[in-house]
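Shown next, in structure tokens, is the structure this report addresses.
The values are calculated or read from the model by the stated rules, or taken from the named source; none is laboratory data. Since the model is a prediction, treat every value here as computed from it, not as a measurement. Heads up, the Cβs are rebuilt from the backbone with ideal geometry, glycines too, and the neighbour counts pull from every protein chain shown. Calculation scope for accessible area: heavy atoms of the full protein, side chains included, ligands and nucleic acids excluded. Shrake-Rupley method; radii C 1.70, N 1.55, O 1.52, S 1.80 Å.
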Amino acid sequence: MTVKQQLLALLEDSKGEYISGEDIAGRLSVTRSAVWKAIKSLQSEGYSILAVTNKGYSLSPHTDILSAAAIAKYLDAQGQKLRVEVFKTIPSTNEAVKILATGGEAEGKVILSEEQTAGRGRKGRKFFSPPGTGIYMSILLRPKLSAAESTLLTTSAAAAVALAIERVSGKETQIKWVNDVFMEGKKVCGILTEASMSLENGSLDYAVLGIGINVAFPADGFPDELTGVATSVYPDSSAQGDLRNRLVAEVLNRFMSYYEHLTDRQFLTEYRQRILSLGGPVLVMKDHIQRKATALDIDNDCRLKVRYEDGAEEYLSSGEVSIRM
């Protein structure tokens, strides 16, 4: 770790409290000048670090900048095994992790960014990723799963996100099958899982789990195409009090807990309980044909059981489903 990274970890551990420059220099085994330079560098990156004569330096408790050090404070023993790296801006966290995966990177690498300039959603759609108000995160996994079981990654992640949001915000969430997390009828999180298959045995070589969460309302609002469709966990334009770092850690903790015993489907009860429109009307789009149906149930493989108007029933493992009001 660099001096700046070590200093940030130290300030995060004592957030809101003052530490003298002499104490910091001693703990990090560096000079006071090196401490001062690291402080100035962190301040230039947007960290609110207060300096008071005869008291030292203190990281403001209202600072909400994503950092590996801040996230680490909230990770449990399972989450601490992950290797978290945070960028200020990046084209796509999924693409960055895919490059690492093809280069042989081990499971457990997590990349986050304050902003994505080319974020992607399902079916190649653009994922709105403005700076400073969201969580854009991708996790490298190397699960021992068949292609048919890969849906468990996406659905368990949706359950993990939903529960994490509820834990941190105290608000209720819902899940729109397969993997969108909703609050008050609007989308607050999208999940994109991309995988590479082994041709030898038909199992996954690696999977990249991408999670995008709207935490605070964007300063300039959502684009016109998302107005009335998307929302954020918090209604204003700032997420104060380390909310994003806490939420990242809570998602990682819950997901890794599920992932450890994924085929046991420990997440399924929470997932089912939050599915929107079970028992209600939906529109199913398959092969460019739209059909009215009723959503009946979610089976153990996370397939959606529907009944069409002609009485025929089907289990859907993928496809576009919209809710009819």
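Tell me yes or no: at least one residue of region 264-283 is hydrophobic (A, V, I, L, M, F, W, C) and open to solvent by 40 Å² or more (accessible area, probe 1.4 Å). Looking for residues that are hydrophobic (A, V, I, L, M, F, W, C) and open to solvent by 40 Å² or more (accessible area, probe 1.4 Å), one finds at least one in region 264-283, hence yes.
If the condition is being among the hydrophobic types (A, V, I, L, M, F, W, C) and buried (at least 20 other Cβ atoms within 10 Å of the Cβ), then region 56-67 contributes LEU59, LEU66. Selection of region 119-134 for residues being open to solvent by less than 50 Å² (accessible area, probe 1.4 Å) and out of contact with any Gly (no Cβ under 7 Å at 6 or more places or on another chain) yields PRO130, GLY132, THR133.
Within region 284-315, restricting attention to residues that are of a type in the set (A, V, I, L, M) and modelled with pLDDT of 90 or more, which residue is surrounded by the fewest Cβ atoms within 10 Å (Cβ to Cβ)?
ALA312
Output yes when any residue across region 32-42 is more than 15 Å from the chain's Cα centre (by Cα) and at positive phi, and no when none is. No: zero hits. The single condition among (1) surrounded by 21 or more Cβ atoms within 10 Å (Cβ to Cβ); (2) touching a residue at least 60 places away in the same chain (Cβ under 8 Å) that CYS189 does not meet is (2).
Can you tell me how many residues within region 32-69 are among the aromatic types (Phe, Trp, Tyr) and either farther than 18 Å from THR89 by Cβ or touching a Phe, Trp or Tyr at 6+ places or on another chain (Cβ under 7 Å) (or both)? So that I can check it myself, show each step before the final result.
From region 32-69, those among the aromatic types (Phe, Trp, Tyr) are 36, 47, 57; that's our starting set.
If we keep only those that are either farther than 18 Å from THR89 by Cβ or touching a Phe, Trp or Tyr at 6+ places or on another chain (Cβ under 7 Å) (or both) too, we end up with 36, 57.
Residues in region 32-69 being among the aromatic types (Phe, Trp, Tyr) and either farther than 18 Å from THR89 by Cβ or touching a Phe, Trp or Tyr at 6+ places or on another chain (Cβ under 7 Å) (or both): 2 in total.
Checking each residue in region 10-33 for being among the aliphatic types (A, V, I, L, M) and open to solvent by 30 Å² or more (accessible area, probe 1.4 Å) picks out only VAL30. Checked against (1) more than 19 Å from LYS187 (Cβ to Cβ); (2) at pLDDT below 90; (3) hydroxyl-bearing (Ser, Thr, Tyr), THR227 meets all criteria but (1).
Taking only region 147-182 into account, find how many residues are part of a strand (DSSP E or B) and modelled with pLDDT of 95 or more. Write out each step before concluding.
Let us first name the residues in region 147-182 that are part of a strand (DSSP E or B), namely 174-176, 180-182.
Now drop any that are not modelled with pLDDT of 95 or more, which leaves 174-175, 181-182.
Here the count works out to 4.
Among the residues making up region 76-114, those that are surrounded by 17 or more Cβ atoms within 10 Å (Cβ to Cβ), in a helix (DSSP H, G or I) and modelled with pLDDT of 95 or more are THR93, ASN94, GLU95, ALA96, VAL97, LYS98, LEU100, ALA101.
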